[in-house]
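Okay, so here's the structure we're looking at.
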Amino acid sequence: MTIQGKIEHFSPENRTIVIKDRHKLRTIHFQRALFNKFQKFLMRGFFIVLEYKTFERKNGEKRDTVLTVKKIVKPSWRGAKTLYSDRALKDQTRAFINSIKTKLFLDFEMSMHPYKVDKGFIQEIIQVGYVLEDENGKILKTYKTCIQPSRHKKLTKRTLKFLDLTQADVDQGVSYQAFYDHLKTLIMTHEPAIIVWGRNDYLSLKESYQVNKVTSLSGHTRFVNLLKLHKNYFNFKNDLGLKRAYEMYGHEKENQRHDALEDAQMTRKIFHGFKNHMNDPETYGLIPKKESA
């Protein structure tokens, strides 16, 4: 249900606001993720439009809970100022995605901590996969290789169990320096936007510069976190897994092998599904998520 009205009371402790709706006061509860996102806009006297649903709790109590915030407006004698607009956010996201030209869909697989706690262990990139495409969506290059770790040469049992590779695969891989030189040339030549799913790949690359004592390429790169764009655009409460996002756009995936190139290819298809949906939602409908958003 949709409700709109002036915020009469705000309780940060309870994560609730009281809205005056048609001369009736209604208490609305925010779940933590949405509360953290909108807390700075929840002020007494501000006008809010939101969607909510009434849930029955285990103790039988019914509680109105926010599903989506549509708009927040700050009144002023100079005129109302829109602080947040769901429609504006969607328009901005669509414009941003449409503006991206050359794209590098990138994914890393990392070494994993041993089962026994080792405070000196450092996770390292041991496999990279990417798909490079031009502004028209034409694939320019597909690449995959293993990378020899600089610190911990022998892979842990956890790594070997989780990833679809062997110790021999990594031993025969390229050195980190060779990977770094390859990536630097790629970035300097094509100047792509680097599309990743989540923050882990960005953080892993950033840390690898420090571990291997090479000059950071961060000043020459622009990372786009496709997961974050999805969460903001669709107002998802929880992070969306790569496999589930892939399926959301009509692709089938029985098992995810945790292979860098395969994940990069999945990210590419998700990007284009997302772009198509934003530009033409009637033609490119979505398969609803099974888990709660």
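From the list Ser216, Ser208, Ser204, pick out the single residue that is within 24 Å of Lys101 (Cβ to Cβ) and small (Gly, Ala, Ser).
Ser216
Residues in the stretch 1-22 that are touching an Asp or Glu at 6+ places or on another chain (Cβ under 6 Å) and not basic (Lys, Arg): Thr2, Ile3, Gly5, Val18. Condition first: of a type in the set (Ser, Thr, Tyr), surrounded by 15 or more Cβ atoms within 10 Å (Cβ to Cβ) and not in a loop (DSSP other than H, G, I, E, B). Can you find one or more residues in the stretch 212-219 that meet it? No.
If I ask for residues that are within 33 Å of the chain's Cα centre (by Cα), exposed (fewer than 15 other Cβ atoms within 10 Å of the Cβ) and not in a loop (DSSP other than H, G, I, E, B), which ones from the stretch 10-21 would you list?
Of everything in the stretch 10-21, just one residue is within 33 Å of the chain's Cα centre (by Cα), exposed (fewer than 15 other Cβ atoms within 10 Å of the Cβ) and not in a loop (DSSP other than H, G, I, E, B), namely Ser11.
Identification of helices (runs of 4 or more DSSP H) wholly contained in the stretch 122-202 with 2 or more residues that are crowded, with 19+ Cβ neighbours inside 10 Å yields 176-190. Among all residues of the stretch 237-257, there is at least one that is assigned by TED's automatic domain parsing to the domain that holds Lys138 and over 23 Å from Leu286 (Cβ atoms). Filtering Asp64, Asp118 for residues that are in the same structural domain as Leu227 (by TED's automatic domain parsing) and surrounded by 11 or more Cβ atoms within 10 Å (Cβ to Cβ) leaves a single hit, Asp118. Only residues that are under 24 Å from Tyr180 (Cα atoms) and either at pLDDT 90 or above or of a type in the set (Val, Ile, Thr) (or both) were counted across the stretch 223-266, and they come to 12.
May I ask you to verify whether Met278 is assigned to a helix (DSSP H, G or I), over 17 Å from Phe105 (Cα atoms) and not β-branched (Val, Ile, Thr)? For Met278, the condition - assigned to a helix (DSSP H, G or I), over 17 Å from Phe105 (Cα atoms) and not β-branched (Val, Ile, Thr) - is met.
In the stretch 22-94, counting only strands (runs of 3 or more DSSP E) that sit wholly within it, the ones holding 2 or more residues that are on the phi < 0 side of the Ramachandran plot and within 26 Å of the chain's Cα centre (by Cα) span 47-56, 62-74, 81-85. Residues in the stretch 23-34 that are surrounded by fewer than 16 Cβ atoms within 10 Å (Cβ to Cβ) and out of contact with any Asp or Glu (no Cβ under 8 Å at 6 or more places or on another chain): His23, Lys24, Gln31, Arg32, Ala33.
The values are calculated or read from the model by the stated rules, or taken from the named source; none is laboratory data. Please read all numbers here as calculations on a predicted model, not as lab measurements. All Cβ positions, glycine included, derive from the backbone under ideal geometry; neighbour counts span all protein chains shown.
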